[in-house]
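**Q** Take a look at this one; I'll ask things after.
Where a number appears in this text, it was derived from the coordinates with a stated rule and is not lab data. This is a predicted model, so every value here is computed, not measured. Heads up, the Cβs are rebuilt from the backbone with ideal geometry, glycines too, and the neighbour counts pull from every protein chain shown.
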Amino acid sequence: MAKNSKIDITNQFTYHLNHTLAENKDFSTTLQKFFALSYSIRDIVAEKWLRTEEIIHQRKDLRIVNYLSMEFLIGRLLYNNILNLQVEDEVKALLKKFDLDLDKIALLEEDAALGNGGLGRLAACFLDSLATLGYLSYGYTIRYQYGLFKQTIENGFQKEMPDDWLKNGYPWEFPKPEEAVTVKFFGRSEPYTDEKGNIRFKWVDTYDILAVPYDIYITGYNSDIVSVLRLWHPKAINEFNFAEFEKGNYEKAVYEKNLAETLCKVLYPNDAFYQGRELRLKQEHFFVSAALQDIIRRHKRRFGNDLSNLHESEVIQLNDTHPALAIPELMRILLDEEGYGWDDAWNIVKNTIAYTNHTVMPEALEKWEAPLLQNLLPRHYQIIEEINARFLKEVGEKFNNNLKKIIDMSIFEEGNIKKVRMANLSSVVSFSINGVSELHTEILKKSVLKDFYEMYPEKFNNKTNGVTQRRWLLECNPPLAKLITESIGNGWITNLYELRKLETFLNDSEFLKKLAEAKRWNKERLANYIREKLDISVDPSTLFDIQVKRIHEYKRQLLNVLHIIHLYNEILDGKKPEVPRTFIFAGKSAPGYRMAKLIIKLINSVAEVVNRNPIVNKHLKVVFIPNYNVSAAQIIIPAANISEQISTAGTEASGTGNMKFMINGALTLGTLDGANIEILEEVGEENIFIFGLKAEEIEEARRKGIYNPFGIYLENEKIRKVLDMIRGGYFTPNEPELFVDIYESLLYGKHAPMPDQYFLLADFESYEKAHKDVEKLYLNQEEWNKKSLLNIARSGKFSSDRTIEEYVRDIWKTKKVD
Ligand SMILES: *Cc1c(COP(=O)(O)O)cnc(C)c1O
């Protein structure tokens with residue numbers, strides 16, 4: 001039985017099957033039993049929420065953390081909840097009576113894919129850590145009707161299918177229609193004079209829609225506290241506007257209904273790429289406005305109508321700039337609805353909101369066209385103008401009216417079309433600005449936000465990302481978790497630094513053998529998965545070299561492919577490698593990202609040629625696993641011997657995939673980028689394979705314009721051969737021109753700011769050398785296993801528990817419930 005719970009899962013299971021679902025145990029389907037089981041577990045979760053809610057109202061000394069994020073990539077919850085509630089034995093005993101298998105039944109749950117990649121998964125790990133550590137927290141986002149698309153591969157090309165994750169109903173959400181709030185759009189800002197003679201503004205003639213919350217309670221491990229993930233669902237207030245209809249405005253008559261219906265339809269499938277779409281701006285305002293009204297309502301329930309201590313009772317973390325409209329929205333509520341003056345409102349807002357930056361790449365920074373924002377949110381636009389005017393006055397005073405500083409730091413970018421720079425807005429207002437790895441924070445301070453660093457150095461801090469070991473070890477790697485717990489106890493589940501104790505087994509060959517057996521089990525599980533999904537057989541005794549993440553040019557899946565083609569050439573030249581290898585890829589491309597989609601096709605075309613060749617396929621196989629998501633990651637990552645983290649130095653803000661691999665005993669083959677640098681620091685240079693140019697070297701080559709990939713192509717025969725094969729249609733003889741754009745982007749900079757903008761050719765030799773070192777080490781399995789053990793033992797820093805404790809200490813300044 002779950003700790004502090006009177007709920008008997010076995011009784012509840014029968015109750016829910018018979019009464020909630022009105023089904024008989026003999027005639028019900030496995031899916032119905034999945035729901036009955038989920039409802040039974042949910043009963044315990046709901047109890048924990050009731051306790052958490054009590055604490056929220058009793059403990060007024062606890063500041064509540066509000067994590068605003070366009071994405072929460074939570075994955076499946078059934079098994080995660082069973083583990084966190086520590087009821088696995090009870091559930092397994094129950095299922096045995098019905099001749100059911102937990103592993104199979106858990107697969108019936110749809111992944112809640114309410115995110116693209118790392119940013120959304122980070123938000124999910126944070127809620128797990130917040131609940132486990134005992135902090136009061138809310139996550140806010142949109143209840144997207146379709147999650148990230150499902151990817152299939154047809155003829156080697158990515159095809160996108162809708163992800164209708166709610167089609168069977170979703171067992172973990174609780175609708176709370178009575179807590180709905182109204183969100184306004186369009187209209188105009190109307191000035192008036194209040195009874196004290198002050199000029200004030202009213203936002204009038206708006207289109208209004210309802211935001212209805214659906215709550216998912218995120219359990220912590222062995223914790224009585226849950227985090228609340230509040231998903232906002234739009235609903236029309238007025239299905240039909242007769243007044244507009246009478247005036248002949250037929251479109252306006254149904255506008256609100258249409259807006260409500262389209263608002264939550266899609267999650268934009270872009271990762272680290274900005275697209276200035278009006279619907280996206282509406283989505284951002286929709287969930288941010290709903291979240292703020294919710295936060296203020298909660299504050300009033302706890303403290304009464306006075307909001308002057310809002311910044312002491314609540315803190316708002318912006319997960320990138322996507323929720324940055326929280327700034328003008330909170331100002332607007334305080335000024336227009338609560339009657340505060342500018343200075344008092346400003347003081348509350350600037351002490352409530354903190355900003356996490358996630359990227360330094362210009363194509364990912366949000367810049368809204370001013371007319372778009374002004375039309376959709378006229379009052380917010382006016383507030384942003386006022387914030388900017390006051391800020392630029394301060395800049396002028398600080399920097400002696402230096403015009404360049406004023407132009408660069410202004411929230412508005414002047415030009416043909418004026419734009420609103422959301423990173424500038426967030427930096428001006430937030431009391432904290434953090435990057436997500438040490439290198440990334442340094443780059444923010446030195447380049448992207450350097451003027452803001454000069455002005456407000458005290459705002460800047462680093463919070464290196466982390467991942468929850470509950471999902472990324474305990475849940476996804478049963479044999480390794482068991483081995484660790486048998487060896488050092490289960491303290492690591494809530495304190496990952498305890499893994500250090502594993503170092504005592506470094507020279508224990510019995511232990512190393514068991515470690516290798518756990519890896520073997522995971523590799524067999526993945527081999528079975530690949531056989532089922534793709535009908536390809538891969539040999540678990542080969543080295544599994546894995547690169548799984550969103551497909552993006554900066555992540556350099558193409559560099560990996562170039563190297564694989566080179567290995568293929570060597571084998572055909574009679575240079576047989578000493579270690580047979582299986583290269584595994586997975587990842588989605590944004591549907592509109594031509595080059596990334598072409599790279600997926602190239603991987604699949606190379607895979608076909610390699611896997612079909614009887615001489616080559618004894619040494620080399622290539623597999624692209626479709627539909628990478630959290631559940632796929634949980635099968636793929638534990639099976640890796642090598643983790644490929646090969647982004648161009650200075651481009652990957654942190655990475656979290658790198659951490660998941662390390663915790664599961666893979667050795668990293670990577671560049672000095674993002675958190676790879678900190679992995680190197682923890683594990684030591686003998687236990688990682690580092691290659692490639694450093695961030696400063698890349699920056700310098702870019703700045704001076706001295707990089708010449710064509711020169712490398714001419715000089716380096718291996719590279720020339722590989723590129724000529726791609727150019728010449730070697731892998732797609734029926735369509736010989738298919739990959740010309742890849743060749744031309746590397747050598748001529750076609751569709752790009754410069755040739756080979758991510759420095760693949762510059763890093764190729766060093767990458768090849770690192771692969772040779774990998775091969776050599778793998779021949780000595782004992783040494784390999786030691787290094788794998790050291791990677792696990794030294795991964796303690798990369799728990800999101802550590803990250804959350806740092807946010808609490810430096811930014812959120814709150815306390816645990818106990
Ligand atoms: C961890 C994770 C990511 C992030 O991976 P990176 O290698 O850090 O880009 C993306 N997608 C899923 C499904 C993940 O679990």
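**Q** Just how large is the dipole of region 411-515 about the Cα centre, in debye to the nearest 20, putting +1 at every Lys and Arg Cβ and -1 at every Asp and Glu Cβ? All intermediate terms of the calculation are to be shown ahead of the outcome.
**A** Working: 15 positive and 13 negative charges, 53 e Å.
Dipole magnitude for region 411-515 comes out near 260 debye.
**Q** Show the residues, 5+ positions off or on another chain, whose built amide H is closer than 5 Å to the amide H of Glu314.
**A** Result for Glu314 returns Ile64.
**Q** Quick check for me: using +1 on Lys/Arg Cβ and -1 on Asp/Glu Cβ, what's the dipole size of region 739-780 about its Cα centre, in debye to the nearest 20?
**A** The dipole of region 739-780 has a size of about 80 debye.
**Q** Test of understanding: what is the full-extension gain from Gln58 to Tyr15, defined as 0.36 nm times their sequence separation minus their Cα-Cα distance? Working shown, then result.
**A** Values: separation 43, 0.36 × 43 = 15.48 nm, distance 3.32 nm.
Gain on stretching Gln58 to Tyr15: 12.2 nm.
**Q** Quick check: net charge around Thr356, other residues with Cβ under 10 Å of its Cβ, Lys/Arg +1 and Asp/Glu -1? Mind dumping the intermediate values first?
**A** Details: positive: Lys463; negative: Asp320.
For residues surrounding Thr356, the net value is 0.
**Q** Right, here's the next one. In the chain, how does Rg compare with the Kirkwood Rh, expressed as the Rg/Rh ratio over alpha carbon atoms?
**A** Working: Rg = 27.3 Å, Rh = 28.1 Å.
Ratio of gyration radius to Kirkwood radius: 0.97.
**Q** Which order do the peptides 376-389, 125-138 come out in when sorted by mean C-beta neighbours inside 10 angstrom, highest first?
**A** Values: 376-389: 20.4, 125-138: 25.6.
The peptides rank, most packed first, as 125-138, 376-389.
**Q** On to the next question. Would you mind counting up the charge near Lys176? Only other residues with Cβ under 9 Å from its Cβ, with Lys and Arg at +1 and Asp and Glu at -1. Intermediate values should be presented prior to the final figure.
**A** Numbers: positive: Arg230; negative: Glu178, Glu179, Asp215.
Every neighbour counted, the sum reads -2.
**Q** If the only charges are +1 at each Lys and Arg Cβ and -1 at each Asp and Glu Cβ, what is the size of the charge dipole of the chain around the Cα centre, to the nearest 20 debye?
**A** On the way: 106 positive and 117 negative charges, 91 e Å.
Here the size comes out at about 440 debye.
**Q** Dimensions of region 387-530 along principal axes (Cα, Å, largest first)?
**A** Largest to smallest, the principal-axis extents are 70, 35, 22 Å.
**Q** Taking the highest mean first, how do the peptides 675-688, 631-644, 336-349 order by number of other beta carbon atoms within 10 angstrom per residue?
**A** Descending mean neighbour count gives 631-644, 675-688, 336-349.
**Q** Quickly rank 278-291, 709-722 as a protection proxy: mean count of other C-beta atoms within 10 Å, highest first.
**A** Numbers: 278-291: 22.0, 709-722: 15.6.
The densest-packed peptide leads the list: 278-291, 709-722.
**Q** Considering only the other residues whose Cβ falls under 13 Å of the Cβ of Gln469, what net charge follows from Lys and Arg at +1 and Asp and Glu at -1? Display every interim value, and only then the final one.
**A** Numbers: positive: Arg470, Arg471, Lys660, Lys797, Arg802; negative: Asp128, Glu475, Glu498, Asp801.
Charge balance in the 13 Å sphere: +1.
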